[in-house]
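The values are calculated or read from the model by the stated rules, or taken from the named source; none is laboratory data. Just so it is clear, the structure is predicted and the values come from calculations on it, not from any experiment. Neighbour counts run over all protein chains shown; Cβ positions are idealised from the backbone, glycine included.
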Amino acid sequence: MKLQLPEGYEMNNQNLINWINEKLEEGNTFFLLMSGNTGSGKSYLMQAILNSMNCKSTGGIPFTPQIIDCVELANDYVTAIRTSISDDICACENKFDSRYVFIDDLGREPKTQGANDLFLRLLYRLHSSIKIGKTCVCVITTNMGADEITNRYDPAIMSRLYEVFHFHEMKPKDFRKLKMDIGKY
Ligand SMILES: Nc1ncnc2c1ncn2[C@@H]1O[C@H](COP(=O)(O)OP(=O)(O)OP(=O)(O)O)[C@@H](O)[C@H]1O
Ligand SMILES: [Mg+2]
(Lines give C-alpha, C1' and ligand atoms only; values in the text may rest on other atoms or scores of the structure.)
(Ligands and ions follow the chains in the order given, each with its own letter.)
Protein backbone atom coordinates (compact mmCIF):
# COMPACT_ATOMS: atom_id res chain seq x y z
CA MET A 1 0.00 0.00 0.00
CA LYS A 2 1.35 3.42 -0.96
CA LEU A 3 0.22 6.91 -0.09
CA GLN A 4 -1.75 8.38 -2.98
CA LEU A 5 -1.37 12.13 -3.05
CA PRO A 6 -3.72 14.49 -4.91
CA GLU A 7 -2.57 15.97 -8.22
CA GLY A 8 -0.38 19.03 -7.75
CA TYR A 9 0.53 18.06 -4.18
CA GLU A 10 3.63 19.98 -3.11
CA MET A 11 6.16 17.74 -1.37
CA ASN A 12 7.08 20.17 1.35
CA ASN A 13 7.09 17.50 4.06
CA GLN A 14 9.13 14.81 2.36
CA ASN A 15 10.32 13.24 5.64
CA LEU A 16 6.77 12.83 6.81
CA ILE A 17 5.64 11.39 3.46
CA ASN A 18 8.52 8.88 3.63
CA TRP A 19 7.54 7.93 7.18
CA ILE A 20 3.90 7.40 6.18
CA ASN A 21 4.92 5.27 3.19
CA GLU A 22 7.18 3.13 5.36
CA LYS A 23 4.33 2.58 7.80
CA LEU A 24 1.83 1.79 5.06
CA GLU A 25 4.24 -0.74 3.57
CA GLU A 26 4.85 -2.38 6.96
CA GLY A 27 1.13 -2.83 7.55
CA ASN A 28 -1.85 -0.99 8.87
CA THR A 29 -0.44 0.25 12.17
CA PHE A 30 0.52 3.83 12.74
CA PHE A 31 -0.17 6.76 14.98
CA LEU A 32 0.48 10.26 13.73
CA LEU A 33 -0.10 13.63 15.32
CA MET A 34 0.29 16.55 12.91
CA SER A 35 0.67 19.97 14.41
CA GLY A 36 0.91 23.23 12.50
CA ASN A 37 -0.53 26.56 11.54
CA THR A 38 -3.74 27.02 9.62
CA GLY A 39 -3.48 26.07 5.93
CA SER A 40 -0.25 24.11 6.37
CA GLY A 41 -1.82 21.00 4.87
CA LYS A 42 -2.73 18.81 7.85
CA SER A 43 -6.33 17.93 6.95
CA TYR A 44 -5.43 17.61 3.27
CA LEU A 45 -2.78 15.01 4.08
CA MET A 46 -5.02 13.23 6.58
CA GLN A 47 -7.69 12.82 3.88
CA ALA A 48 -5.02 11.48 1.48
CA ILE A 49 -3.94 8.91 4.10
CA LEU A 50 -7.53 7.84 4.63
CA ASN A 51 -8.12 7.55 0.87
CA SER A 52 -4.98 5.42 0.46
CA MET A 53 -5.84 2.88 3.14
CA ASN A 54 -7.79 -0.34 2.92
CA CYS A 55 -9.65 -0.09 6.20
CA LYS A 56 -11.32 -3.27 7.36
CA SER A 57 -13.61 -3.92 10.31
CA THR A 58 -12.73 -6.66 12.83
CA GLY A 59 -14.93 -8.94 10.70
CA GLY A 60 -12.77 -8.13 7.65
CA ILE A 61 -15.40 -6.02 5.92
CA PRO A 62 -13.95 -2.98 4.08
CA PHE A 63 -15.26 0.39 5.18
CA THR A 64 -14.37 4.08 5.01
CA PRO A 65 -13.86 5.64 8.43
CA GLN A 66 -15.33 9.05 9.10
CA ILE A 67 -13.15 11.99 10.03
CA ILE A 68 -14.10 13.26 13.48
CA ASP A 69 -14.42 17.03 13.55
CA CYS A 70 -13.67 18.15 17.12
CA VAL A 71 -15.89 21.23 16.93
CA GLU A 72 -18.82 19.11 15.75
CA LEU A 73 -18.17 16.48 18.39
CA ALA A 74 -18.14 19.10 21.16
CA ASN A 75 -21.42 20.57 19.84
CA ASP A 76 -23.03 17.12 19.60
CA TYR A 77 -21.96 16.42 23.16
CA VAL A 78 -23.44 19.66 24.51
CA THR A 79 -26.73 18.87 22.73
CA ALA A 80 -26.73 15.27 23.98
CA ILE A 81 -26.18 16.44 27.57
CA ARG A 82 -28.85 19.13 27.29
CA THR A 83 -31.43 16.71 25.90
CA SER A 84 -30.26 13.90 28.26
CA ILE A 85 -30.36 11.35 25.44
CA SER A 86 -28.08 8.67 26.84
CA ASP A 87 -27.48 6.92 23.48
CA ASP A 88 -26.25 10.22 22.03
CA ILE A 89 -24.05 10.87 25.07
CA CYS A 90 -22.57 7.36 24.71
CA ALA A 91 -22.03 7.86 20.96
CA CYS A 92 -19.93 10.96 21.71
CA GLU A 93 -18.01 9.24 24.49
CA ASN A 94 -17.26 6.25 22.22
CA LYS A 95 -16.22 8.40 19.30
CA PHE A 96 -12.48 7.64 19.55
CA ASP A 97 -13.02 3.89 20.17
CA SER A 98 -12.40 2.41 16.77
CA ARG A 99 -9.73 0.53 14.81
CA TYR A 100 -9.17 3.59 12.61
CA VAL A 101 -9.48 6.98 14.24
CA PHE A 102 -9.10 10.20 12.24
CA ILE A 103 -9.41 13.30 14.42
CA ASP A 104 -9.45 16.72 12.80
CA ASP A 105 -8.77 20.02 14.58
CA LEU A 106 -8.10 18.87 18.11
CA GLY A 107 -8.24 21.96 20.31
CA ARG A 108 -10.56 23.92 18.05
CA GLU A 109 -13.52 22.76 20.15
CA PRO A 110 -14.80 25.53 22.46
CA LYS A 111 -12.70 26.25 25.51
CA THR A 112 -15.30 25.22 28.05
CA GLN A 113 -14.79 23.03 31.09
CA GLY A 114 -17.27 20.50 29.66
CA ALA A 115 -15.50 20.22 26.30
CA ASN A 116 -12.10 20.06 27.98
CA ASP A 117 -13.21 17.27 30.33
CA LEU A 118 -14.71 15.32 27.44
CA PHE A 119 -11.61 15.58 25.24
CA LEU A 120 -9.27 14.75 28.07
CA ARG A 121 -11.31 11.61 28.82
CA LEU A 122 -11.42 10.68 25.14
CA LEU A 123 -7.66 11.12 24.76
CA TYR A 124 -6.95 8.91 27.78
CA ARG A 125 -9.24 6.24 26.36
CA LEU A 126 -7.58 6.54 22.97
CA HIS A 127 -4.15 6.06 24.54
CA SER A 128 -5.33 2.92 26.36
CA SER A 129 -6.98 1.63 23.22
CA ILE A 130 -3.72 2.08 21.27
CA LYS A 131 -1.73 0.37 24.05
CA ILE A 132 -3.90 -2.73 23.97
CA GLY A 133 -3.93 -2.84 20.15
CA LYS A 134 -7.64 -2.06 19.77
CA THR A 135 -6.86 1.02 17.69
CA CYS A 136 -4.44 0.27 14.86
CA VAL A 137 -4.38 3.60 13.04
CA CYS A 138 -4.88 7.07 14.43
CA VAL A 139 -4.19 10.40 12.78
CA ILE A 140 -4.76 13.64 14.66
CA THR A 141 -4.47 17.17 13.33
CA THR A 142 -4.14 20.19 15.56
CA ASN A 143 -3.09 23.83 15.51
CA MET A 144 -1.69 23.38 19.00
CA GLY A 145 1.95 22.68 19.77
CA ALA A 146 3.02 20.29 22.52
CA ASP A 147 3.05 23.05 25.16
CA GLU A 148 -0.44 24.16 24.25
CA ILE A 149 -1.75 20.59 24.44
CA THR A 150 -0.17 20.31 27.88
CA ASN A 151 -1.75 23.58 29.01
CA ARG A 152 -5.10 22.90 27.42
CA TYR A 153 -5.63 19.35 28.69
CA ASP A 154 -2.93 18.16 31.10
CA PRO A 155 0.78 17.26 31.09
CA ALA A 156 0.06 13.57 31.72
CA ILE A 157 -1.92 13.21 28.51
CA MET A 158 0.80 14.95 26.49
CA SER A 159 3.33 12.50 27.92
CA ARG A 160 1.08 9.62 26.86
CA LEU A 161 0.59 11.05 23.37
CA TYR A 162 4.36 11.31 23.00
CA GLU A 163 4.62 7.68 24.02
CA VAL A 164 2.45 6.35 21.22
CA PHE A 165 2.36 9.02 18.49
CA HIS A 166 4.81 10.12 15.85
CA PHE A 167 4.70 13.87 16.43
CA HIS A 168 5.19 15.95 13.30
CA GLU A 169 5.29 19.73 13.05
CA MET A 170 4.28 20.93 9.59
CA LYS A 171 6.34 23.62 7.88
CA PRO A 172 4.87 27.04 8.66
CA LYS A 173 3.23 27.73 5.32
CA ASP A 174 -0.36 28.72 4.52
CA PHE A 175 -1.38 27.01 1.25
CA ARG A 176 -4.76 28.78 1.32
CA LYS A 177 -3.17 32.22 1.46
CA LEU A 178 -0.59 31.24 -1.13
CA LYS A 179 -3.30 30.13 -3.58
CA MET A 180 -5.22 33.34 -2.95
CA ASP A 181 -2.10 35.46 -3.52
CA ILE A 182 -1.28 33.60 -6.76
CA GLY A 183 -4.88 34.20 -7.94
CA LYS A 184 -4.42 37.97 -7.49
CA TYR A 185 -1.74 38.29 -10.16
N1 LIG B 1 1.14 19.89 0.17
C2 LIG B 1 0.22 20.59 -0.49
N3 LIG B 1 0.33 20.86 -1.81
C4 LIG B 1 -0.58 21.59 -2.45
N5 LIG B 1 -1.70 22.12 -1.88
C6 LIG B 1 -1.88 21.88 -0.58
C7 LIG B 1 -0.94 21.12 0.19
N8 LIG B 1 -1.40 21.06 1.45
C9 LIG B 1 -2.54 21.75 1.49
N10 LIG B 1 -2.86 22.25 0.27
C11 LIG B 1 -4.00 23.08 -0.07
O12 LIG B 1 -4.26 23.92 1.03
C13 LIG B 1 -5.58 23.77 1.49
C14 LIG B 1 -5.59 23.89 2.99
O15 LIG B 1 -4.96 22.78 3.57
P16 LIG B 1 -5.55 22.05 4.86
O17 LIG B 1 -7.03 22.11 4.86
O18 LIG B 1 -4.94 20.71 4.95
O19 LIG B 1 -4.97 22.98 6.01
P20 LIG B 1 -4.91 22.67 7.56
O21 LIG B 1 -3.48 22.57 7.96
O22 LIG B 1 -5.80 21.54 7.88
O23 LIG B 1 -5.49 24.05 8.15
P24 LIG B 1 -6.43 24.30 9.43
O25 LIG B 1 -5.51 24.30 10.62
O26 LIG B 1 -7.01 25.67 9.18
O27 LIG B 1 -7.47 23.23 9.51
C28 LIG B 1 -6.02 22.43 0.96
O29 LIG B 1 -7.41 22.38 0.76
C30 LIG B 1 -5.27 22.29 -0.31
O31 LIG B 1 -5.98 22.89 -1.37
MG1 LIG C 1 -7.58 21.38 8.92
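At-a-glance table
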quantity	calculated
Residue list for the stretch 122-142, filter: under 14 Å from TYR162 (Cα atoms), among the hydrophobic types (A, V, I, L, M, F, W, C) and more than 16 Å from ligand 1 (Cβ to nearest atom)	LEU123, LEU126, ILE130, CYS138
Answer residue from the stretch 40-68, given it is assigned to a loop (DSSP other than H, G, I, E, B) and polar (S, T, N, Q) and is farthest from MET170 (Cα to Cα) among those	THR58
Residue count, the stretch 11-48 (criterion: modelled with pLDDT of 95 or more and within 16 Å of ligand 2 (Cβ to nearest atom))	18
Residues located in the stretch 142-165, provided they are within 16 Å of LEU126 (Cα to Cα) and touching a Phe, Trp or Tyr at 6+ places or on another chain (Cβ under 9 Å)	TYR153, ALA156, ILE157, ARG160, LEU161, VAL164, PHE165
Filter result (under 19 Å from the mean Cα position of the chain (by Cα) and within 16 Å of ligand 2 (Cβ to nearest atom)) within the stretch 158-173	HIS168, GLU169, MET170, LYS171, PRO172
Those residues of the stretch 1-26 which are part of a loop (DSSP other than H, G, I, E, B) and under 20 Å from GLY39 (Cβ atoms), in sequence order	LEU5, PRO6, GLU7, GLY8, TYR9, GLU10, MET11, ASN12, ASN13
Residue in the stretch 14-26 that is in contact with a Lys or Arg (Cβ under 8 Å, 6 or more places away or on another chain), surrounded by 14 or more Cβ atoms within 10 Å (Cβ to Cβ) and more than 25 Å from ARG176 (Cβ to Cβ) present	yes
Count - residues of the stretch 139-157 that are under 18 Å from VAL101 (Cα atoms) and either among the small types (Gly, Ala, Ser) or more than 16 Å from ligand 2 (Cβ to nearest atom) (or both)	1
2 or more residues surrounded by 14 or more Cβ atoms within 10 Å (Cβ to Cβ): qualifying helices (runs of 4 or more DSSP H) within the stretch 69-185	70-83, 86-93, 113-131, 146-152, 155-164
Pick from the stretch 1-46, criterion in contact with an Asp or Glu (Cβ under 9 Å, 6 or more places away or on another chain) and over 25 Å from TYR162 (Cβ atoms), ranking: nearest to ligand 1 (Cβ to nearest atom)	GLY39
Filter result (of a type in the set (A, V, I, L, M, F, W, C) and surrounded by 12 or more Cβ atoms within 10 Å (Cβ to Cβ)) within the stretch 27-62	PHE30, PHE31, LEU32, LEU33, MET34, LEU45, MET46, ALA48, ILE49, LEU50, MET53, CYS55
Set ILE67, ILE103, ILE89: member being more than 16 Å from ligand 1 (Cβ to nearest atom) and free of Cβ contacts under 8 Å to residues at least 40 places away in the same chain	ILE89
The stretch 131-147 residues that are basic (Lys, Arg), paired with ones that are more than 16 Å from ligand 2 (Cβ to nearest atom) (beta carbon under 8 Å, 6 or more apart)	LYS131/VAL164; LYS134/ASP97; LYS134/ARG99
